[in-house]
């Protein structure tokens, strides 16, 4: 089964040897910020816009026992956004059907229940035969060695440094404000690759 899943990831990545970005020639995918994704409102958003910042990528769900992590994620956003942290939420319905809603329903839930102000994206798949290319890259052994492997559940977290490379990965049960997560964020923020990009 692992071999099959790995083959699917490799096929997804093979289709993305080059990704066309708006207004440019085809550009090779060298990291997670080389993808273009749809915001929760359906607008195309090049993740390259976040380069120079520290980025946390997290797959989310509205009906999970871990859903209250939205509160800690928003607290991180409020505390560190001015220092260059960007949190990107990617709703996914891969685990026990715990994200069944539409993008509009997810957006309303996040804002009304947890006052989420960090960036949310359109619902995607984070594992399986319909895995989104971003997550195929993040979980692929050939593309993200050391931080690869299937997503285990909702609220798995990847931290991308200012250099655009994955710096850390945390399991779903590791809370966003756990000491080890805070340490990884602050260490990445202190790195002086370049100044945070203006949003």
Between residue 71 and residue 38, the FRET efficiency computed from the C-beta separation at R0 = 25 Å comes out, to the nearest 0.05, as 0.50
Rounded to 0.05, the calculated FRET efficiency for the beta carbons of residue 112 and residue 183 at R₀ = 25 Å is 0.20
Per its Cα gyration tensor (rounded if a/c is under 1.5, else prolate when a/b beats b/c, else oblate), region 143-184 is best filed as oblate
Simple spin-label estimate for residue 30/residue 171, 7 Å along Cα→Cβ, in nm, reads 3.4
Length gained if residue 145 through residue 163 is fully extended, taking 0.36 nm per residue and subtracting the Cα-Cα distance, is 4.8 nm
Taking a ≥ b ≥ c as the square roots of the eigenvalues of the Cα gyration tensor, with a/c under 1.5 meaning rounded and otherwise prolate when a/b exceeds b/c and oblate if not, region 74-199 is oblate
Note on region 73-133: alpha-carbon gyration tensor, axes a ≥ b ≥ c; rule is a/c under 1.5 for rounded, else prolate if a/b larger than b/c, else oblate; result oblate
Volume per residue (Å³) of the convex hull spanned by the alpha carbons of region 50-108 is 88
Two pseudo-spin positions, 7 Å from Cα along C-beta at residue 104 and at residue 190, lie apart in nanometres by 4.7
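Since every read-out is calculated from the coordinates, none of them should be taken as a lab result. This is a predicted model, so every value here is computed, not measured. Note that each Cβ is placed from the backbone with ideal geometry, even for glycine, and that neighbours are counted across all protein chains shown.
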